[in-house]
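I have placed the structure first, in the form of structure tokens, so that the comments after it can refer back to it.
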Amino acid sequence: MGYTFTNTAATTAAVANRYVTSTNMKVGAYTLANTTPVWAGAALVTVTHTEVGGGVDTLGTIVVVGVDLSGQTRTDTITPVNGTVATGTIPFRTITSITGVGWVIGTGNDTIVVGVAAGNIACGSQGQLAGVLVNNSVAATIVISDASRTIMTVPASAAAGTYYTLGGVDFGGYLKVATTNTNDVTVFHTATLPTTYAT
């Protein structure tokens with residue numbers, strides 16, 4: 001299998017309200033503020049709940065529909081958690097709809113925001129990482145990880161033009177690049193595998 005590449009040239013910090021800005025919870029479709037992450041890859045979706053009126057609503061679920069990095073339409077159902085952040089499990093490149101299901105108002109209309117978790121997901125499935133190219137002088141560490149572990153950390157002192165040859169390190173679940181600064185790094189990896197194939 002050949003390799004492709006993904007460039008990350010900006011901070012990959014979480015953006016809590018990237019897809020849906022603060023709004024009352026409801027049954028039905030939410031208005032999308034944006035449909036893609038700030039970066040070039042994909043992201044996991046987050047739902048942040050805020051209680052209003054002193055009693056928690058029946059929160060129901062949030063159904064997210066979008067397109068993954070292989071171009072396939074996927075659906076992720078996220079159950080909000082009272083007063084905190086719930087994170088989905090499917091990396092989306094583009095969101096097409098976000099819908100509230102089963103919500104029931106309590107003593108006040110609770111609110112939510114929907115956004116992206118931290119980290120640019122370069123590959124949304126298992127695969128292999130061949131190498132990492134540093135394109136500018138690294139100002140803050142860059143963490144390369146998969147769904148279960150850190151694969152490597154590029155130090156803040158790495159110079160522009162540094163290339164790390166990894167020779168095909170296996171990763172599971174997804175491949176993620178995370179940085180808190182405007183570092184510029186390119187990872188060389190296998191492409192996202194589709195979840196289904198046409199016959």
* Asked: Within segment 27-38, can one find any residue that is within 28 Å of Asp146 (Cα to Cα), assigned by TED's automatic domain parsing to the domain that holds Ser97 and over 11 Å from the mean Cα position of the chain (by Cα)?
  -> yes
* Structure fact -> When segment 98-109 is checked residue by residue, the ones that are of a type in the set (Ser, Thr, Tyr) and either modelled with pLDDT of 95 or more or not assigned by TED's automatic domain parsing to the domain that holds Ala43 (or both) are Thr99
* Asked: Is it true that Ile112 is modelled with pLDDT under 95 and assigned by TED's automatic domain parsing to the domain that holds Asp68?
  -> no
* So which strands (runs of 3 or more DSSP E) stay within segment 73-161 end to end and still have 1 or more residues that are surrounded by 20 or more Cβ atoms within 10 Å (Cβ to Cβ)? -> 73-78, 94-101, 111-116, 120-123, 127-134, 142-145, 150-154
* Could you grab me the full set of residues in segment 35-62 that are farther than 30 Å from Thr4 by Cβ and of a type outside the set (S, T, N, Q)? => Val47, His49, Glu51, Val52, Gly53, Gly54, Gly55, Val56, Asp57, Leu59, Gly60, Ile62
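Residue-by-condition table, conditions (1) of a type outside the set (Ser, Thr, Tyr); (2) modelled with pLDDT of 95 or more; (3) within 26 Å of Gly131 (Cα to Cα):
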residue	(1), (2), (3)
Val20	yes, yes, no
Leu44	yes, yes, yes
Thr87	no, yes, no
Thr96	no, yes, no
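The values are calculated or read from the model by the stated rules, or taken from the named source; none is laboratory data. Keep in mind that what you see is a predicted model, and the values were worked out from it rather than measured. Virtual Cβ from ideal backbone geometry, glycine too; neighbours counted across all protein chains shown.
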